[in-house]
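The values are calculated or read from the model by the stated rules, or taken from the named source; none is laboratory data. Note that the structure is a prediction, hence the values are computed from the model and not measured. Backbone-built Cβ (ideal geometry, glycine too); neighbour counts: all protein chains shown.
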Amino acid sequence: MLESRPGAFILMGNGDTAGLHNEEYDFDDAALPYGISYWVRLAEARLAECAL
């Protein structure tokens, strides 16, 4: 996708587990508040820029 449109990947740590596309992968639900907080703050910062 990044070859067609500008963008970025954001990698967030998820503890000591297998890689994402591995059947042994175990998502740590305790990581959710950190990811949500990141996206909320990113949106707030962008909206603040647009309001100027």
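List of remarks:
- Filter pass, Ala18 being surrounded by 10 or more Cβ atoms within 10 Å (Cβ to Cβ), of a type in the set (A, V, I, L, M) and not in a helix (DSSP H, G or I): yes
- Pairs with Cβ under 8 Å, 6+ apart, first in the range 1-16 and closer than 18 Å to Ser37 by Cβ and modelled with pLDDT of 80 or more, second surrounded by fewer than 10 Cβ atoms within 10 Å (Cβ to Cβ) and not aliphatic (A, V, I, L, M): none
- Of the residues making up the range 37-49, one or more are of a type in the set (S, T, N, Q) and surrounded by 10 or more Cβ atoms within 10 Å (Cβ to Cβ).
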